[in-house]
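No lab work stands behind these numbers, since they all come straight from the coordinates. If you're wondering where the values come from, they're calculated on a predicted model, not measured in any experiment. Because the Cβ atoms are built from the backbone with ideal geometry, glycine has one as well, and the counts that use them run over all protein chains shown.
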Amino acid sequence: MNYRCFIPVSRTAGLLAGTGVFLVGMGVAQDTEKELYLQERSGEPFRELSPQQLEAFTNGQISYSTPVTIDGGLGPIFNKTNCTSCHGTGLIIGGPGTIGVTFFGGDDKGSFVDLGHLGGPVFQLNSITSDCHELNPIDIPQASVITTHVTNGALAYGLVEAVDDQTFLDLEDPFDSDGDGVSGRAHITHALEDPGIPRVGRFGWKAQIPTVLSFSADASLGEMGLTNRLLPDELAPNGDEALLAECDTVADPEDFADENGLHFIDRVTDFQRYLAPPPQTPRSGMLGEQIFNNIGCNKCHTSTLVTGDDPGLEDFMRNREFKPYGDFLLHCMGTLGDGIRMGEAFECEMRTPPLWGLRWRSVMLHDGRAANGDFEQKVTTAILEHGLFGEATNSMNAFDALSAEDKSALIRFLDSLGRVEFDYDGDEDVDLADFMVFKDCFQQDDVISPEVPCAIGDIDQDGDADAVDADYFMQAYDGVLEDCNDNGIADLREILAGTAQDSDGDGVLDACGSCTGDLNGDGEVSGPDLTYILGFWGLADPVADIDGSGSVGGSDLAYILGNWGPCQ
């Protein structure tokens, strides 16, 4: 749903109305009208989905997360049993993961040799029986090229697919006509569902796949051993067809239509197409993005793309501008290349990965080599590992030459890619701790620039945290909006407006008293509250985490035991 708000003169004007519409003075709106909405969080569907599309998304998510069984077609060789195992980070289903897939082949005077007859180019780590297990590439004498590809995310694949081929072709500069050292090119390939029709690839580390359906079919076979209507032939362990005949226990193709005529690859395609892009908070104006552009990062990590005007697309996907920070082209990365040739992609070439959602990625770069330390350390490693003698060398050196202040600004910008609005502490939820920061920002008179932490809650980017932002905070809040005095106004709204006091900062009005540990609101601290605490032990549940430490533990249990009995 889209929300339309009128920007008020003061922070508190209209705050207690709770309607989502704020008026200036005696009901007269400002001339400038802004359409606002909360950005979808990573792993959430587009907010514009129809009920039918949302049902398709939900059903696809179930298929995406449900393990494939041996009887259902798993194997005989495979890496994982479901999509989420590879494409997911924490609670973000569909995001990039930490699983490394091994690719291998031979080398002939610097040229990659496909060892398909020995099971290449992908090594499947697991098998349904030990007799069917593949030999590790390190034990194959001909396998002189072995590398790892960390699994990509599938967020907003529908938007990426919806970009016209010509848009990517217009970004090409294969002969470096402007002499800037960057000469990206599109990978011309074909979709499995439309063989023989040239298409621009955009998915996979080599941009070898052009459509979401092709990606679903390819991953289903290559990662789970699930044959399907587009790839009906099973993979033989180490290329041994005789062994395959003994190991393959389910008739091919193993993916079949359900009662609605949809195959597994169709359902997971629906899920991936309807995943929304990760948020970016603040949405614009950060100094670090200017520095990002000044040192040439945007020559490959293009900030903005626009989808096509294809009448076959859903309305909300047509002519839509989005910000992936990636051009999806192939670039020669010099020493960062993986040594693998795939389709028309050469050994040194890698597809530019989009940077959206970067802040919560556990590992970075195609082989996950940037994996240690905090976000700043991982980002710094990733940039400085962009390869010698490649198209990113100039930008890599320019970053290294930046002042500490400029590096910090650049990293702050990258940290905005994936940040949830109002999530000041960056823990992927909006809770009482974030409310307390928003309250401080709400009460300050300083202009909020995109560079300061308060900008995380200035959703309309008008330079302050006001009643409009407060309304969206209430929508974003992951806790329960209590109304302890039953006056029809959420307690947090009254605290912000200053019409009620919360002297101890627990989110409960002083006039109502507090009963720390009464998690279910029944007026006493008792067995159900204890059970709730124990059920979320060690997790980051915002209700059970009474002390706001980030996880449920001993101090939260102490609150329960120390306040046992009826609330006073």
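Worth a mention:
- Sorted largest first, the principal axis extents computed over the alpha-carbon atoms of the range 46-189 equal 52, 51, 26 Å.
- Which listed pairs, of 109/407; 299/378; 109/378; 323/378, have C-alpha distances above 30 Å, in listed order: 109/407; 109/378
- Charging the Cβ of each Asp and Glu at -1 and of each Lys and Arg at +1, and nothing else, the dipole of the chain about its Cα centre rounds to 1120 debye.
- Pairwise centroid distance, computed over Cα atoms, of the range 529-568 with the range 279-312, Å: 42
- Local charge for residue 533 was computed over the other residues whose Cβ lies under 11 Å away, with Lys and Arg +1 and Asp and Glu -1, and equals -4.
- Annotation: the range 515-568 has a Kirkwood hydrodynamic radius of 10.6 angstrom, from the mean reciprocal C-alpha pair distance.
- At most 12 other Cβ within 10 Å, DSSP loop - GluC sites (Glu not before Pro), the range 161-259: 259
- Packing order of peptides 456-465, 175-184, 134-143, 61-70, highest average first: 456-465, 61-70, 134-143, 175-184 (average count of other Cβ atoms within 10 Å over each peptide's residues).
- Each label point was placed 7 Å from the Cα along the Cα-to-Cβ direction; for residue 440 and residue 131 their separation is 6.6 nm.
- By other beta-carbon atoms within 10 Å, ranking 295, 77 with the fewest at the front produces 295, 77.
- Computed [θ] at 222 nm, deg cm²/dmol, the chain (DSSP H ≥ 4; -39,500 (n - 2.57); rounded to nearest 500): -7000 deg cm²/dmol
- Angle between the chain longest axis and helix 432-443 axis [Cα atoms, degrees, rounded to 10]: 60
- The overall shape of the range 136-189 is oblate: from the C-alpha gyration tensor, with semi-axes ordered a ≥ b ≥ c, the ratio a/c is 1.5 or greater and a/b is no larger than b/c.
- Length-normalised contact order for the range 515-568 - Cα pairs under 8 Å, 6+ apart - percent: 42
- Using Cβ point charges alone (K and R +1, D and E -1), the dipole size of the range 515-568 about the Cα centre works out to roughly 80 debye.
- Sequence-distant residues sharing a close amide H with residue 541 (under 5 Å, placed H): 552
- Local net charge near residue 489, Cβ-Cβ under 11 Å (Lys/Arg +1, Asp/Glu -1): -4
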